[in-house]
Amino acid sequence: MKRLIFAFITFAMLVPPAIAFSQTVKHRRPFQGGAYISAYRDADNAKNGPSKDYRCSGWSYDGHSGTDYAMPIGRNVVASAGGRVTDRLNGCANTGGSGNTCGGGGGNYIEITHSDGSKTIYAHMKRNSFRFAQGARVKCGDVLGQSASSGGSSGPHLHYGSRPAGNGYWWIQDTRKVHKGQCGRNNSLWTNQGAYKAVPGTGCQTVDSDGDGVQDKNDNCPDTKNGGQSDGDNDGVGNACDNCVSVANDGQADADNDGVGNKCDNCRDVKNAGQSDGDGDGVGNLCDNCPTVFNDGQADADGDGIGNRCDNCRDVANGGQADADADGIGNKCDNCPNNANPSQLDEDGDGLGSECDDDDDNDGVADAADNCRLTPNPDQLDSDSDGVGNACNNDNDGDGIQDDIDNCPTVANNDQSDIDANGIGDACDDMDGDGIPDIQADVDGDGLADDMDNCVEVANPDQADEDGDGLGDACDSDTDADGVSDPIDNCPELANPDQFDQDGDGLGDVCDDDNDNDGVLNAIDLCPDVEDFEQNDSDGDGVGDACDDDANACIDDVVICQNTGFQNPDLDGDGQPDDDVEMLQIDEGCSVASSNPGGLTSALMLFALIWLRRRKR
């Protein structure tokens, strides 16, 4: 079967520095079941030269970089020796055909690096059949996947190639011979090379790479000593080399090649140093769409890579989380992007936030001048002139009755009077149909409409209301609002609920300017409550004699004066007259005995006091 030149390029891989192995790794047959060799590697190590196999025969073709084993699609492909998966490609169609360049011509392939640094490749494999992820450790004979005819292949087969340790590519110049022969190697790289055109044997090399006494083919950690072959998750990979010690991680899959297996990697597709997880949600910082806030399930409604819990515009992609007004709402979903309005209030529901909407009800009247800011009312009608437009005023006449139950919503009528019971309040009823509400009638003919008149049935054009009770004096039966009806009120214009009238003249004291009816006004009357026509005031104290209880100045008083007419006593007994002692003098013109016996008694008591003091001396 004719084969295309397999010269696809893969990434150069360095020899793992941790591996130091002197023994050359030998290989077993790289598949299970029957197959035959359809082409050997071109032994001249070059393209555009003579084509020959390891025995210098022509079972090859120019530039062929490996050995082809013809087999049907679905045959198990196995690792020819133990090692680690260092490169792989999956996704090419299972049948490619001549000239197909998928996978560099090699289709779906796996590359394994062995303990001596050499590499082997298994190409043209079946899509999605791989059992080991990149970075996984494999043993000699482990099934890697299945055969197919992917990439630049004219029929189902396995292309197997080998490369020495060091950098290189999978073209003829960098690959190596594996068969011993005249045009091949001096030492075969097969554990059992087999006859010419026959497939190699299945025996694996006896190797103990880590020197722990367990051969690699039986060692669950062939490159690292693993005491007692401990395997915590029972996945066949020893703890010492398991990239997911506590969780079985099939094939040691490690998508981001960070040494942490997919099953226990908190950031499986991105290398996340130290498995850092700031919000403790189990998703590493480098792949967390909300690294500082727990975002359940990594929810991202707008698919912008920012999790819902920390996205300032969760339903609309907002590049760079732009937020011009710094209100926490991204520009793309902010109804007022240049004015901070974290509540996103939009009272008229027009999509423009109230913070930047100068006409919230969209009635053409700016909010600053609108008497009904949130209810459209372009006519700005305000029946009760209270500054609140009718459209949003539930009590347009301001009478305390809501418009929807007010029988006269435009005219104040808190009593809801409706004499004719026609459902229209008297305040706005026009029973005569003259276009003028009946309430505007002028019953008393004083020139004031009844609805403005404080005395509807009695003419009072001056609208006098002395007590300020809203009822005009002309029809107010209690002008001074003291609870006493005017006809019986002895002072109808001044409140005097007690109706005091000391002089019994029928005029209450609060409005009587001559309480004692002596013809002298209270303001100048020396005895305003006692009739005193003479207005005498003997002692000149401003209180008329008629009401003065001390009119001659010796009733209830003892007048003390300087010694006149009496010998000055020596009250302290020092032999000297008491010149400064004031003695009792009974004024001429008043008789103590006849006018005020009490006064005489006081005088006698004073004399008695003087006599007692002399006796003591």
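The values are calculated or read from the model by the stated rules, or taken from the named source; none is laboratory data. Quick caveat: nothing in here was measured; it's all calculated off a predicted structure. We place every Cβ from the backbone using ideal geometry, glycine too, and count neighbours over all the protein chains shown. With ligands, DNA and RNA removed, areas are computed over all heavy atoms of the protein, side chains included. Shrake-Rupley method; radii C 1.70, N 1.55, O 1.52, S 1.80 Å.
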ask   = Could we say that Ala255 is touching a helix residue (DSSP H, G or I) at 6+ places or on another chain (Cβ under 8 Å), in a loop (DSSP other than H, G, I, E, B), loosely packed, with under 15 Cβ neighbours inside 10 Å and hydrophobic (A, V, I, L, M, F, W, C) here?
value = no
task = Kindly provide the set of residues from the range 183-201 that are among the charged types (D, E, K, R) and in a loop (DSSP other than H, G, I, E, B), ordered by number.
result = Lys197
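Quick grid of which residues meet (1) free of Cβ contacts under 8 Å to residues at least 60 places away in the same chain; (2) assigned to a loop (DSSP other than H, G, I, E, B):
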| site | (1), (2) |
| --- | --- |
| Cys204 | no, yes |
| Val207 | no, yes |
| Asp216 | no, yes |
| Val237 | no, yes |
| Gly251 | no, no |
| Arg268 | yes, yes |
| Gly274 | yes, no |
| Asp279 | yes, yes |
note = Among strands (runs of 3 or more DSSP E) completely within the range 102-182, the ones holding 2 or more residues that are closer than 26 Å to Asp265 by Cα are 108-113, 143-146
ask   = Residue check, Asp231 against (1) surrounded by fewer than 14 Cβ atoms within 10 Å (Cβ to Cβ); (2) modelled with pLDDT of 85 or more, all met but one. Which one?
value = (1)
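Looking only at the range 170-213, which residues are of a type in the set (A, V, I, L, M, F, W, C), open to solvent by 30 Å² or more (accessible area, probe 1.4 Å) and modelled with pLDDT of 95 or more? It would help to see each step written out before you state the result.
Taking the range 170-213 first, the residues of a type in the set (A, V, I, L, M, F, W, C) are 170-172, 178, 183, 189-190, 195, 198-199, 204, 207.
Okay, now just the ones that are also open to solvent by 30 Å² or more (accessible area, probe 1.4 Å), so 171, 195, 198-199, 204.
Across the range 170-213, the qualifying residues are Ala195, Ala198, Val199.
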ask   = How many residues are crowded, with 19+ Cβ neighbours inside 10 Å and polar (S, T, N, Q) if we restrict to the range 234-252?
value = 3
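Within the range 444-490, can you find the residues that are of a type in the set (Gly, Ala, Ser) and closer than 25 Å to Gly508 by Cβ?
Within the range 444-490, Ala464, Gly468, Gly470, Gly472, Ala474, Ser477, Ala481, Gly483, Ser485 meet the criteria.
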message = Where the second residue is not in a loop (DSSP other than H, G, I, E, B) and the first is closer than 23 Å to Pro378 by Cβ and lies in the range 391-407, which pairs have Cβ atoms under 7 Å and are six or more apart or on separate chains?
response = Asn394/Asp403; Asp395/Asp403; Asn396/Asn390; Asn396/Asp403
query = For the range 355-379, which residues satisfy the criterion of being of a type in the set (Asp, Glu) and exposed (fewer than 14 other Cβ atoms within 10 Å of the Cβ)?
reply = Asp358, Asp379
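I need a count of the residues in the range 317-330 that are of a type outside the set (D, E, K, R), more than 15 Å from the chain's Cα centre (by Cα) and more than 15 Å from Glu355 (Cα to Cα).
6
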key: Qualifying residues in the range 404-428 (those that are open to solvent by 40 Å² or more (accessible area, probe 1.4 Å), within 30 Å of Gly364 (Cβ to Cβ) and not hydroxyl-bearing (Ser, Thr, Tyr)) - the one farthest from the chain's Cα centre (by Cα)   = Val411
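Which one of Asp426, Asp498 is at pLDDT 85 or above and of a type outside the set (S, T, N, Q)?
Asp498
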ask   = Do we find a residue being aliphatic (A, V, I, L, M) and open to solvent by 50 Å² or more (accessible area, probe 1.4 Å) anywhere in the range 347-354?
value = yes
task = Mind telling me which of the residues Gln463, Gln440 ends up being modelled with pLDDT under 70 and either touching a His at 6+ places or on another chain (Cβ under 6 Å) or among the polar types (S, T, N, Q) (or both)?
result = Gln440
note = Residues of the range 286-304 being polar (S, T, N, Q) and open to solvent by 50 Å² or more (accessible area, probe 1.4 Å), in sequence order, are Thr292
request  = Considering only the range 497-554, state which residues are without any contact (Cβ under 8 Å) to a residue 40 or more places away in the chain, hydrophobic (A, V, I, L, M, F, W, C), open to solvent by less than 80 Å² (accessible area, probe 1.4 Å) and more than 30 Å from Val484 (Cβ to Cβ).
outcome  = Leu526, Val543, Ala546, Ala551, Ala553
query = Among (1) farther than 25 Å from Gln134 by Cβ; (2) in a strand (DSSP E or B), which single condition is Tyr69 missing?
reply = (1)
